[in-house]
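Asker: Sending over a structure as structure tokens; questions will come in a sec.
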Amino acid sequence: YYDFCQDSAGFFPASWLEHFLEGSVDLLNIKTKRHKGEQIVNASMDRELKNIEFLPLLYDQIKEQRVITFNYLPFDEPMLTMVFHPHCLREYNGRWYLYGLAEDRDPAMIHVAIDRMASRPKICPRKDYVPADKGYYQHLFEHMVGVTHLEGHEPEWVRLRVHTKYMSRLIETKPFHPTQTTIEPFGEHEDGEYAEFMLHVEINNELKGRFRQLGAELEVMAPECLRDEMQTELNEMLSRYRK
């Protein structure tokens, strides 16, 4: 177990190790292995994103159930000051997000990207911490790809058609979501050669982004609203390239 922890240190952001192993022989050995290029478990994602050093601090405040405040810079909006009851951390595509309850926000239960924090989080000692309801995040993440939950949106059955054998095998071995099932194995059908898959997920930008990555080899068959959205986006993309 000790050897595994030493060798897999490259999988974790350096800020975790610097904080929790500060001053230890473990950290010295990890740094020595990294310097010599001897780590044998690594992550492909960037582990040095902006504000990555906040991770241990945020982890501690969640564990100790403390309310925090920080400045935050949303996309296309002025900077604001948030009073936040932190509940959990979630990583997606190499980027870290903090979930919790934000005071004076609608909806109150939100997530924020830690690289968009404009100040170091500080503790609000006179605020009573409000925890999440039991099982809230388990239910929230159950049908989610990525991090975005759209208020009022429920999971839907999505049917996908894949037009090459290679891509169908890839999707079988690396599914979009745990609910994914194969409803038509790859082969010859009356209307062409393909495989079909079903998954029960909440439709958000991250899911559509995963679909776009596969290009022409993947086709959304249902629901009709998602198929129309994908078609509109692809037509807009095609019109740009035609110019």
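The values are calculated or read from the model by the stated rules, or taken from the named source; none is laboratory data. Everything numeric in this text was worked out from a predicted model, so none of it was measured. Glycine also receives a Cβ, built like all others from the backbone with ideal geometry; neighbour counts cover every protein chain displayed. Please note that ligands, DNA and RNA were not included when accessible areas were found on the heavy atoms of the full protein model with its side chains. Shrake-Rupley method; radii C 1.70, N 1.55, O 1.52, S 1.80 Å.
Asker: For region 125-135, which positions are surrounded by 10 or more Cβ atoms within 10 Å (Cβ to Cβ) and among the small types (G, A, S)?
Answerer: Listed by number, the list holds a single entry, A132.
Asker: Let me ask something else. Among R227, R159, which is in contact (Cβ under 8 Å) with a residue 60 or more places away in the chain and either surrounded by 14 or more Cβ atoms within 10 Å (Cβ to Cβ) or in a strand (DSSP E or B) (or both)? Let's see the steps before the verdict.
Answerer: Values: R227 fails: in contact (Cβ under 8 Å) with a residue 60 or more places away in the chain.
Just a single option satisfies the conditions, and that option is R159.
Asker: Of all residues in region 136-154, which are out of contact with any Pro (no Cβ under 9 Å at 6 or more places or on another chain) and open to solvent by less than 40 Å² (accessible area, probe 1.4 Å)?
Answerer: Y137, L140, V145, G146, V147, T148 - these are the residues of region 136-154 that are out of contact with any Pro (no Cβ under 9 Å at 6 or more places or on another chain) and open to solvent by less than 40 Å² (accessible area, probe 1.4 Å).
Asker: Can you run down the residue pairs with Cβ atoms below 7 Å, 6 or more apart or on separate chains, where the first is in region 67-84 and closer than 25 Å to Y129 by Cβ and the partner is polar (S, T, N, Q) and outside any strand (DSSP E or B)?
Answerer: I68/Q61; F70/S119; N71/S119
Asker: Looking only at region 162-216, count every residue that is open to solvent by 60 Å² or more (accessible area, probe 1.4 Å), of a type outside the set (A, V, I, L, M) and assigned to a helix (DSSP H, G or I) and tell me the total.
Answerer: Final tally of qualifying residues: 8.
Asker: Which one of these is closer than 30 Å to F211 by Cα, touching a residue at least 24 places away in the same chain (Cβ under 8 Å) and under 18 Å from the mean Cα position of the chain (by Cα): Y59, Y137? Spell out how you get there, then give the answer.
Answerer: Numbers: Y59 fails: closer than 30 Å to F211 by Cα.
Y137 is the lone residue from the list that is closer than 30 Å to F211 by Cα, touching a residue at least 24 places away in the same chain (Cβ under 8 Å) and under 18 Å from the mean Cα position of the chain (by Cα).
Asker: Further, regarding this structure: L49 passes all but one of (1) open to solvent by 30 Å² or more (accessible area, probe 1.4 Å); (2) touching a residue at least 60 places away in the same chain (Cβ under 8 Å); (3) closer than 23 Å to I123 by Cβ; which number fails?
Answerer: Among (1) open to solvent by 30 Å² or more (accessible area, probe 1.4 Å); (2) touching a residue at least 60 places away in the same chain (Cβ under 8 Å); (3) closer than 23 Å to I123 by Cβ, the lone unmet condition for L49 is (3).
Here's the yes/no breakdown for (1) among the basic types (K, R); (2) more than 15 Å from H200 (Cα to Cα); (3) in contact with a Leu (Cβ under 8 Å, 6 or more places away or on another chain):
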site: M144; (1), (2), (3): no, no, no
site: Y166; (1), (2), (3): no, yes, no
site: R169; (1), (2), (3): yes, yes, no
site: E172; (1), (2), (3): no, yes, no
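Asker: Starting from residues that are aromatic (F, W, Y) and within 18 Å of E53 (Cα to Cα), keep the ones in region 70-112 and report whichever is surrounded by the fewest Cβ atoms within 10 Å (Cβ to Cβ). Lay out the reasoning, then the answer.
Answerer: Here is the first cut: in region 70-112, the ones aromatic (F, W, Y) are 70, 72, 75, 84, 92, 96-97, 99.
Those still in the list that are within 18 Å of E53 (Cα to Cα) too: 70, 72, 92, 96-97, 99.
Details: F70: 21, Y72: 19, Y92: 16, W96: 21, Y97: 19, Y99: 22.
Among those residues, the one meeting the criterion is Y92.
Asker: Just to check your reading of the model, which residue among Y241, Y194, Y166 is in contact with a His (Cβ under 6 Å, 6 or more places away or on another chain) and among the aromatic types (F, W, Y)?
Answerer: The match here is Y194.
Asker: Would you mind finding the one in A118, A108, A102 that is touching a Phe, Trp or Tyr at 6+ places or on another chain (Cβ under 7 Å) and farther than 18 Å from K63 by Cα?
Answerer: A118
Asker: Collect the residues in region 25-46 that are assigned to a loop (DSSP other than H, G, I, E, B) and of a type in the set (D, E), keeping them in residue-number order.
Answerer: Once the filter is applied, which keeps residues that are assigned to a loop (DSSP other than H, G, I, E, B) and of a type in the set (D, E), region 25-46 yields E38, D46.
Asker: Can I ask one more? I'd like to know if region 47-69 contains one or more residues that are in contact with a helix residue (DSSP H, G or I) (Cβ under 6 Å, 6 or more places away or on another chain), in a strand (DSSP E or B) and modelled with pLDDT of 95 or more.
Answerer: Yes, some residue in region 47-69 is in contact with a helix residue (DSSP H, G or I) (Cβ under 6 Å, 6 or more places away or on another chain), in a strand (DSSP E or B) and modelled with pLDDT of 95 or more.
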